[in-house]
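Worksheet for the structure shown next.
The values are calculated or read from the model by the stated rules, or taken from the named source; none is laboratory data. Computed from a prediction, not measured in an experiment: that's the story for all the values here. Heads up, the Cβs are rebuilt from the backbone with ideal geometry, glycines too, and the neighbour counts pull from every protein chain shown.
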Amino acid sequence: LSVVAPELLYLDGRFQRGLCLSFEDGLITGVGPGAVQQRGRALIPGLINAHSHAFQRVIRGRTELRNPDHPHDDFWSWREQMYQAAMTLSPERLETVARLLFLEMVASGITCVGEFHYLHHGVDGPYADPNELAWRVLRAAEWAGCRMVLLRVAYHRSGFGLKPDPRQLRFLDPSPEYGIESLEALRKAGVRVGVAPHSVRAVPGEWLKPLHDYARQHDLPYHMHISEQPRELAECRAEYGRSPVEFAADQGLIDERFTGVHAIHLEPHEFELLRGANVCACPTTERNLGDGIVAADRLLAAGCSLALGSDSQCQINLLEDARQLEYHLRLQRRQRAFLPAARLLDCATQGGARALKVPAGRFEVGRWADWVEIDLEHPALATDDPEEALAGIVFGLPQGAVAQVCVGGQPRLLDGRHPLQRQAVADFRRGN
Ligand SMILES: [Zn+2]
């Protein structure tokens, strides 16, 4: 049995003094009074990144200039470059890229990631083991010390009435049964999995229900991109005569295991349709791609749970995602203070745990002993007031103030730095 007794511990929506955490075999065994041992340190639960596409790390920095061939640069022209990258990645390169990415996540305080995995096949067809690339990202996360829920994606078509796009060949499943077979193989090998039809654009409507039945049968999360781009809404209306959220609701998909990723372009009545479900907002990506703004306050008011994701990996900083939820609303409505700091932190922790169905996100007996230790003596954070400390962390934590990250009670950083960082960076730069 081990104990950690910081100056401040985040519990029930606020920083509290005089609390310690005991843990054993990677699980929290007690939260109770105790004398401070780590003065100048604050503990928050490990951050949970509920939406990631690991391979997209390779196009970071490549997509920030306007292409002269695309006088109108937007989500769809960004996607062209993403497809280009997806076409050329070998399994080995994918693993190298994913190692660096997951290491960056751990160093930033992320202890569990939901990998929305849709790069399945080789350029010539499925690998000998159809889960080859899933194993690669799983291994990379393990190497970096990050937990993973593998959200295995079903992808089948370019869109309603569109010709197949040869650049999507590495993503495609011939049938829902094919995807379920892959999921079964991973699940039976002990991998935490989730079911993830890519979107109403990429999956035929009749696939959604059987995939949801499978998720229900095994109590798995069910994630889907939803209402990210106006074009997706127009196509869905043309095919089904209703919006993606309306269609998902009609199919009976919206429940506590459902996570709609983005949910930006919603009609007033659609907030109600998402009650009880999760929405995963990805504000650093949404602002990067010019997607639009998630109406976080309205979703929460409608009884929806919010999680956060790094999505396109343009930046790995889940608290930046949390504060952008709030800042986007401020800029849009020219008002301030919609969501308090604790609410935003809860999105980055318990909201993610709920979306991924993992026992984490909160300091509670029986949950994973995963946390981030923050240096309260960092010049950017110095204060004596616990409430100010919380707001200071949520609205401006410098990455240099992340002193330690523990996963299952095991420290992952040395002097604030991941011990495998040098190797991960060198391998990535060498193109290995
Ligand atoms: Zn995504």
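Things to note:
- Any hit, region 126-142, residues being surrounded by 21 or more Cβ atoms within 10 Å (Cβ to Cβ), under 22 Å from the mean Cα position of the chain (by Cα) and under 30 Å from residue 243 (Cα atoms): no
- Any hit, region 156-178, residues being in contact with a strand residue (DSSP E or B) (Cβ under 6 Å, 6 or more places away or on another chain) and over 23 Å from residue 76 (Cα atoms): no
- Region 226-243 residues that are in contact (Cβ under 8 Å) with a residue 24 or more places away in the chain and under 9 Å from residue 265 (Cβ atoms), paired with ones that are small (Gly, Ala, Ser) and away from the ligand (no atom under 16 Å from the Cβ) (beta carbon under 6 Å, 6 or more apart): 233/243
- Note on region 45-77: residues that are away from the ligand (no atom under 12 Å from the Cβ) and part of a helix (DSSP H, G or I) total 5.
Every residue, every condition in (1) touching a strand residue (DSSP E or B) at 6+ places or on another chain (Cβ under 9 Å); (2) of a type in the set (A, V, I, L, M); (3) at positive phi, yes or no:
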| position | (1), (2), (3) |
| --- | --- |
| 340 | no, no, no |
| 351 | yes, no, no |
| 370 | yes, no, no |
| 379 | no, no, no |
| 382 | no, yes, no |
| 406 | yes, no, no |
| 422 | no, no, no |
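- All conditions but one from (1) of a type in the set (Asp, Glu); (2) away from the ligand (no atom under 16 Å from the Cβ); (3) in a helix (DSSP H, G or I) apply to residue 286; the one that does not is (2).
- Some residue of region 25-39 being buried (at least 23 other Cβ atoms within 10 Å of the Cβ), of a type in the set (Lys, Arg) and over 30 Å from residue 230 (Cα atoms): no
- Complete set of residues in region 123-136 that are assigned to a helix (DSSP H, G or I) and without any contact (Cβ under 8 Å) to a residue 12 or more places away in the chain: 135
- The condition (being over 21 Å from the mean Cα position of the chain (by Cα) and touching a residue at least 40 places away in the same chain (Cβ under 8 Å)) is satisfied by just one residue among 21, 101: 21.
- Residue identified as at pLDDT below 95 and in a helix (DSSP H, G or I) among 139, 167: 167
- If you go through region 234-253 and keep only what is buried (at least 22 other Cβ atoms within 10 Å of the Cβ) and touching a Ser or Thr at 6+ places or on another chain (Cβ under 8 Å), you end up with 236, 243, 244, 245.
- Candidates 353, 401, 348, 382 - the one that is without any contact (Cβ under 8 Å) to a residue 40 or more places away in the chain and buried (at least 19 other Cβ atoms within 10 Å of the Cβ): 401
- Only one entry in 291, 311, 321, 297 is within 16 Å of the ligand (Cβ to nearest atom), in contact (Cβ under 8 Å) with a residue 40 or more places away in the chain and either surrounded by fewer than 22 Cβ atoms within 10 Å (Cβ to Cβ) or over 18 Å from the mean Cα position of the chain (by Cα) (or both), namely 291.
- Subset tally (residues that are aliphatic (A, V, I, L, M) and not in a helix (DSSP H, G or I)) for region 82-122: 4
- When region 253-283 is filtered for residues that are under 17 Å from residue 232 (Cα atoms), away from the ligand (no atom under 16 Å from the Cβ) and in a loop (DSSP other than H, G, I, E, B), the ones remaining, listed by number, are 266, 267.
- Subset of region 173-232 (residues that are within 16 Å of the ligand (Cβ to nearest atom) and either surrounded by fewer than 17 Cβ atoms within 10 Å (Cβ to Cβ) or assigned to a helix (DSSP H, G or I) (or both)): 231, 232
- Between 322, 307, 337, the distinction of being among the aliphatic types (A, V, I, L, M), within 30 Å of residue 86 (Cβ to Cβ) and not in a strand (DSSP E or B) belongs to 322 only.
- Among the residues making up region 237-252, those that are within 25 Å of the chain's Cα centre (by Cα), more than 15 Å from the ligand (Cβ to nearest atom) and part of a helix (DSSP H, G or I) are 245, 246, 247, 248, 249.
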